[in-house]
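The values are calculated or read from the model by the stated rules, or taken from the named source; none is laboratory data. Every value quoted in this text rests on a predicted model; they were computed, and no experiment measured them. No Cβ is skipped: glycine too gets one built from the backbone with ideal geometry, and neighbour counts run over all protein chains shown. Each accessible area value is taken on the protein alone, full model and side chains, heavy atoms only, with ligands, DNA and RNA left out. Shrake-Rupley method; radii C 1.70, N 1.55, O 1.52, S 1.80 Å.
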Amino acid sequence: HAEHPIEVRIDGSADFPGDRQDLEMLGNLLDNAWQWARGTIYVNLARHPDAVEIRIDDDGPGMPANVMAQ
């Protein structure tokens, strides 16, 4: 994505106990954020007793509420 430079901000840390292939969806989500972000992607990581939470947000235009409900 060299043609569309984006700042990625990562908040938090967590070890991922799964396999590398399990993170393929993360790549898809980051790619989508890269397409729509105006300049920044936010990645938040949180460790829970039985899970790792990964939240990806961007500063793009967002999705209309009626589409989000679908």
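Quick notes
- Taken over region 22-57, the residue count meeting the criterion of being in a strand (DSSP E or B), open to solvent by less than 60 Å² (accessible area, probe 1.4 Å) and without any contact (Cβ under 8 Å) to a residue 24 or more places away in the chain is 1.
- Hits in region 58-70 (condition: among the small types (G, A, S) and part of a loop (DSSP other than H, G, I, E, B)): G60, G62
- Close Cβ contacts (under 7 Å, 6 or more residues apart or on different chains) running from residues in region 1-20 that are within 27 Å of R38 (Cα to Cα) and among the hydroxyl-bearing types (S, T, Y) to residues that are open to solvent by 100 Å² or more (accessible area, probe 1.4 Å) and not in a loop (DSSP other than H, G, I, E, B) are absent.
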